[in-house]
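Please treat every number below as a calculation from the coordinates, not as lab data. Bear in mind that the values here come from a model prediction, so they are computed numbers and not experimental data. Because the Cβ atoms are built from the backbone with ideal geometry, glycine has one as well, and the counts that use them run over all protein chains shown.
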Amino acid sequence: VERVSENRDPTRDRMAGQAHRIDDTILIREAQHGNRAAFEELVRHYDQAVLRLALHLTGTEQDAQDVYQDAFLKAYKNIGSFRFECSFYTWIYRIVTNLCLDHLRKKNVRKEDAPVVKDCDGGEYDLLDQVPDGRAGANPERDLMRRQLGARISGALERLTPRERMVFELKHYHGLKLRTVGEILHTTEETAKNTLFRATQKLRGQLADMR
Amino acid sequence: MKCEWVRENITLHVYGELADDARHELEQHVARCADCAAELKAEQEFHALLGEEREARPTPNLLAASRMKLQEALETAEQGGFWRRLAFDPANWLRQVNFSPALASAILMVGFAGGLGASYEVFGHQPGTPATTKAPAPAEASITGIQSITQEPGSNQIDIKYNTVSTLETQGSLNDQRIQQLLLFAARNNYNSGVRMDSVDLLTKKPDVLQVRDALIYALQYDTNPGVRLKALDGLGGFVKDDVQVRDAVLQALVSDSNPGVRTEAMRLIEPVKADGSVRGVLMTLAAKDQSQYIKSQARTMLAQLPEID
C-alpha cells in the first residue's frame, strides 16, 4: 500500500489542485459556447498528464505529440456533446486512451516485420532495444545496467495486448483507481482487475530473471 | 483454497485496490503462511523493479512545443454543432413558436398564470393573514431573474424564488483570503479593463501564492488589454528562472503577443534564462524570421552571447 502512495503522480496532484482553483465546469461551459481561451485554459489543467501517458505508450516524442494534438483537437471539436455525465478528466482520458490503443494496435501490426531475434535462452528481444541512447552519464556501468533494465521492461510491456498495456499503464504509472480505469475504457472494475492481474502475471513471467 | 485466493489477490493488494475486509483477511493469512508471505515479497519486489524504470516525463520543451502546435491548430479548428443547438437563438426560437401553435398556447398560458400569480402576491392576501415574505421586497432593478413560482394547493399563498444583484463592499489587507479571492475573480472576469488592471497590479505583490501566479499567467495569455498583460508580465518576471510554466507563458508572449511593448518586455525577462533549450529554440526562430527588426536583432545578440552546442 505504501508503494502505491509512493507511486502517486505529482502531475495529477497538481492537476487536481488546479481543478479546485478554477472550476472546470465554468471553463467547459465557456468552451462549449466557442470560447477558445477557456478551452486552452482547460487544456493546461490536463495536458501534462495526457502528454506523459502518450509518451509512455507511444515511446517517441513525435508520436506522443501527435496523440496530444489529435486528442485535444478532438476534444475541442466535440466539447459540445460533453454533457457532464462523467468528469472531464474521465472524458479526456477516454479520448487519449482510444487514440493510444489505435496507435498500439497499428504498432503491433508493424512489429511483425520488426527485427526481433532470440537470445541464448530462447527469449525474444527487439534489436532496436539494444541501440544505445548516446547520453553521457557519470557512471557508464550503472547507466548500461539501467538501460538494459529499461529495454527489458519496455520489451515486456510491448508484448502485452494493447488493452493489458493500457490498464497496466493507467494503474501502475498513473496511479488511477481501477474503477476509473474501467470507466475510461468502457468496462467494469472487475474486468479491469482481471486485466491488471493478467498483465502483471505476464510481466512477472517475462522479467523473472531480473529480480 | 485460501492460498489460491491470496495469490489471486496479491496484485490488487500491492496496488491498494482490495476492499478493507479482504485486505485484512489477506494480511492475516500472510502473517501465518510462509509461502504466501514469500509470494507477497516477490510481488512487492517486482512492483519496485518496475517502479524504478520508465519514470520518463515529458520535457518542458516538448510540452511547450506541443502547446504551441495545438494553439496553431485550434486557430483553424471548428467546433461541432451541438453547442449551437443549445445556444439561445431568438430568431430560430420565434420561428419555432410561429410554426407550433401548441407551444405558443402553452407559453401564453404560463404567462397568464404568472400574471395571475403576481396579482395574488400584490392584492390577494386577506387583511390579518400576512404574506410570508421571507426577504424584504427588493428594488425591481436588483432582480436578475425569477427561479420558480409555486402556489400551495387550495390556498392563495405563492412561493417565489428570485435572484437579486446587490453591490456589497468589503475591506481588508492583501493577505486577507477574501480580498485575494475577489482580486483573482476581478483579474479574470471583469469587463472593465481598469478594474482588471487594478486587481492585477495588486496581485503582482503576491506572486509567491500559486493561485496568484496562475491568475497572472492567465492575464498574460488571455487579457485583451496590453496594459494588463504588461502588468502581469512584471509580476511574473521574478519566476522565469524557477517556474517552467511562467517561462512557457513568457515565451509564448514573446512569440505571439500582438503588442510590441509586451514582446519587448518578455524579451528582457528571458535574458537570464537564454541558455535554456526551449528559450534558445525560440530565439533561433525569432532571429531567423521575426517581422520586428528590433526583436530579430535582440534575438541575434542574445544567441551570439551563448556558448556553442556541439
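Projected label points at A:ARG146 and B:LYS2, each 7 Å from Cα along the beta carbon direction, are separated by 4.4 nanometres. Counting Cβ atoms of other protein chains within 10 Å of each Cβ in B:205-211 and taking the mean gives 1.
Across peptide B:58-68, what mean number of C-beta atoms from other chains lies inside 10 Å of a residue's C-beta?
Across B:58-68, the average partner-chain Cβ count within 10 Å equals 5.
Computed FRET efficiency, Cβ-Cβ of B:ASN163 and A:ALA37, R0 35 Å: what is it to the nearest 0.05? Don't skip to the end; give the middle numbers.
Numbers: r = 27 Å, r/R0 = 0.77.
Using R0 = 35 Å, I get an efficiency of 0.85.
The phi-based Karplus calculation (6.51 cos²θ - 1.76 cosθ + 1.60; θ = phi - 60°) puts the 3J(HN,Hα) values of segment A:171-179 at 7, 6, 8, 10, x, 6, 5, 5, 5 Hz, whole numbers, x for Gly and Pro. Can you give me the relative contact order of segment B:168-310 as a percent, contacts being Cα pairs under 8 Å and 6 or more apart? It comes to 14 percent, rounded to a whole number.
How crowded by other chains is B:43-49, given as the mean number of beta carbons from other chains within 10 Å of each beta carbon?
Across B:43-49, the average partner-chain Cβ count within 10 Å equals 5.
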